[in-house]
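The values are calculated or read from the model by the stated rules, or taken from the named source; none is laboratory data. Just so it is clear, the model here is predicted, and its values are computed rather than measured. Note: ideal-geometry Cβ built from the backbone for every residue, glycine included; neighbour counts use all protein chains shown. Only protein heavy atoms, including side chains, enter the accessible area calculation; ligands, DNA and RNA are left aside. Shrake-Rupley method; radii C 1.70, N 1.55, O 1.52, S 1.80 Å.
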Amino acid sequence: MLIKDLMITDPPTLERNAYVYEVFRKVNERGIGRVIVLADGNLTGIISTRDLVNLIDLRCRSSCEKSDVYGLIYRTAEEIMSPQPQVAYEEMEPLDALTIMVARNFGALPVLNSAGRLTGIVTEREMLLLFQDIDELLSVRRFMSKRVKTAYKDATVRDAVSIMARGGFRRLPVTDETGKVIGIVTASDIIRGMDKEIRKGNPEEYVRKPLHEVMNRNVLTVRPEDSVNQAAAKMIIERVGSLLVLDENGKAAGIITERDLVIALYHQLHLTLR
Ligand code: AMP
């Protein structure tokens, strides 16, 4: 298998002078969580959901009024993109692309053909498909994060943005007064919610909403003794990027995301090849 067999073709793109509110709309297209920025049709940058969360956090640090949000969404894609992203090539082996993703901590690589034209994108999600063909050797317990950061249900979207931006992650389990997990909020939920409210003209009201109003109540779980292959299969089937490990009281004892699974995959493939 080569990268061209794994990649998503025709990825979401915008020209560099597009406004950031268009990025909010595009970044959720087909669940990819990235927009590729073009200059006259050629690859020049990339913007991820994580970048947008970080921008909202920065912009809203002192206040989060309408003017603060509008100050952000009328900037251009070029001003906020990561320029000259690392790429993969259609004819590359998936393991080589995986190595770049793990070593450089990138969640996605735009894909170019041999003529240097953009033809696709490969993300952590596509890499998870590689688990189908390898032995079940590694457990969830070994690769999950054990100190799970959670937020109380009355905390606001603004609070969630700040916790995610400071923690460098994209998922936040939501708890009730006993600490039991009752929902989860992800960076892509927040960006989708912002996009909707930007269209209605009230993005500043959205960031003040309590998490219990915006969270997803369908919390998907995995057992620590399950294999990472099983976790990957569940994420693919359920179309989510994370699974929680809960203790007997329903409190968060671990979280495993597509990022952790990509690291596990890298581990296993390098071990097997040695
Ligand atoms: P993500 O960007 O959400 O894929 O996560 C990046 C890293 O942070 C992974 O190692 C996750 O296990 C970890 N992580 C994600 N969400 C949380 C959380 N709420 N608390 C602690 N660690 C987390």
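Ignoring any ligand, DNA or RNA, what whole percent of the accessible area of the range 190-245 comes from carbon and sulfur when the probe is 1.4 angstrom?
43 percent
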Calculated on alpha-carbon atoms, Rg and Dmax of the range 152-274 in Å | 16.3, 56
The chain: projected area of the alpha-carbon convex hull, averaged over directions, in nm² = 14.4 nm²
Could you run the Debye sum over the Cα atoms of the range 227-274, one equal point scatterer each and no solvent, and tell me log10 of I(q)/I(0) at q = 0.14, 0.22, 0.28, 0.32 Å⁻¹, two decimals?
-> -0.40, -0.80, -1.02, -1.12
Stokes-Einstein D in µm²/s, Kirkwood radius over Cα pairs - the range 196-249 at 10 °C with 1.306 mPa s viscosity | 115 µm²/s
By its C-alpha gyration tensor, with a ≥ b ≥ c as the square roots of the eigenvalues, how is the range 1-54 shaped: rounded for a/c under 1.5, else prolate for a/b larger than b/c, else oblate?
-> oblate
Residue-by-residue Karplus 3J(HN,Hα) for the range 27-40, coefficients 6.51, -1.76, 1.60, Hz, glycine and proline x = 5, 9, 4, 6, x, 7, x, 8, 10, 8, 9, 10, 10, 6
Classify the range 4-137: rounded, prolate or oblate, from the alpha-carbon gyration tensor (a ≥ b ≥ c, eigenvalue square roots; a/c under 1.5 rounded; otherwise prolate if a/b is larger than b/c)?
-> prolate
For the chain, built as a Gaussian network whose Cα springs stay under 10 Å, the top-fluctuating residue of Gly254, Gly45, Gly167 | Gly167
Could you let me know the centre-to-centre spacing of the range 219-260 and the range 119-195, using Cα atoms, in angstrom?
-> 10 Å
Which residues' amide hydrogens lie under 5 Å from the amide hydrogen of Tyr152, considering only partners 5 or more residues apart or on another chain, with H built in the peptide plane?
-> Thr175
Pop out the ³J(HN,Hα) list for the range 147-164 in order, Karplus 6.51 cos²θ - 1.76 cosθ + 1.60 with θ = phi - 60°, rounded to Hz; leave Gly and Pro as x.
-> 9, 7, 7, 10, 10, 6, 4, 8, 5, 9, 4, 4, 4, 5, 4, 5, 5, 5
Can you list the HN-Hα couplings for the range 88-94, worked out from phi with the Karplus curve (6.51, -1.76, 1.60; θ = phi - 60°), rounded to whole Hz and with x for Gly and Pro?
-> 10, 10, 3, 8, 6, 6, x
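Using a probe radius of 1.4 Å on heavy atoms only, what accessible surface per residue do you get for the range 67-178? Whole Å² is fine.
On the way: 5510 Å² over 112 residues.
Per-residue value: 49 Å².
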For the range 7-145, what % of the accessible area comes from carbon and sulfur atoms, probe 1.4 Å?
-> 44 percent
Using amide H atoms built 1.01 Å from N in the peptide plane, name the residues 5+ places from Met144, or on other chains, whose amide H lies under 5 Å from its own.
-> none
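Past 18 Å, Cα to Cα, is the threshold; run Lys149/Lys234; Lys66/Lys209; Lys149/Lys209; Lys149/Lys180; Lys209/Lys251; Lys149/Lys196 against it and keep the listed order.
Working: Lys149/Lys234 22 Å; Lys66/Lys209 15 Å; Lys149/Lys209 20 Å; Lys149/Lys180 13 Å; Lys209/Lys251 24 Å; Lys149/Lys196 27 Å.
Over 18 Å Cα-Cα: Lys149/Lys234; Lys149/Lys209; Lys209/Lys251; Lys149/Lys196.
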Choose one of Thr9, Leu95, Pro85: the residue whose Cα lies farthest towards the positive end of the charge dipole of the range 1-118 (beta-carbon charges +1 Lys, Arg; -1 Asp, Glu; about the Cα centre).
-> Pro85
Can you list, bin by bin at 5 Å, the percent of alpha carbon pairs in the range 45-199, starting at 0?
-> 1, 7, 13, 16, 17, 15, 14, 10, 5, 2, 0, 0
If every Lys and Arg gets +1 and every Asp and Glu gets -1 at its Cβ, then about the Cα centre the range 151-234 yields a dipole, in debye to the nearest 20, of 200 debye
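Would you mind putting 176-185, 229-238 in packing order, based on average other-beta-carbon counts within 10 Å, highest first? Intermediate results must be reported in sequence, preceding the final value.
Numbers: 176-185: 16.4, 229-238: 18.3.
Highest mean packing first, the order is 229-238, 176-185.
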Would you tally the net charge around Glu213, using a Cβ to Cβ cut-off of less than 15 Å, leaving Glu213 out, and scoring K and R as +1, D and E as -1?
-> +1
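When the convex hull of the C-alpha atoms of the range 35-105 is computed, what volume per residue in Å³ does it have? Show your work: numbers first, answer last.
On the way: hull volume 6.9 nm³, N = 71.
In the range 35-105, the Cα hull volume divided by residue count equals 97 Å³.
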Gly254 long-range amide H proximity, modeled H, under 5 Å = Val245
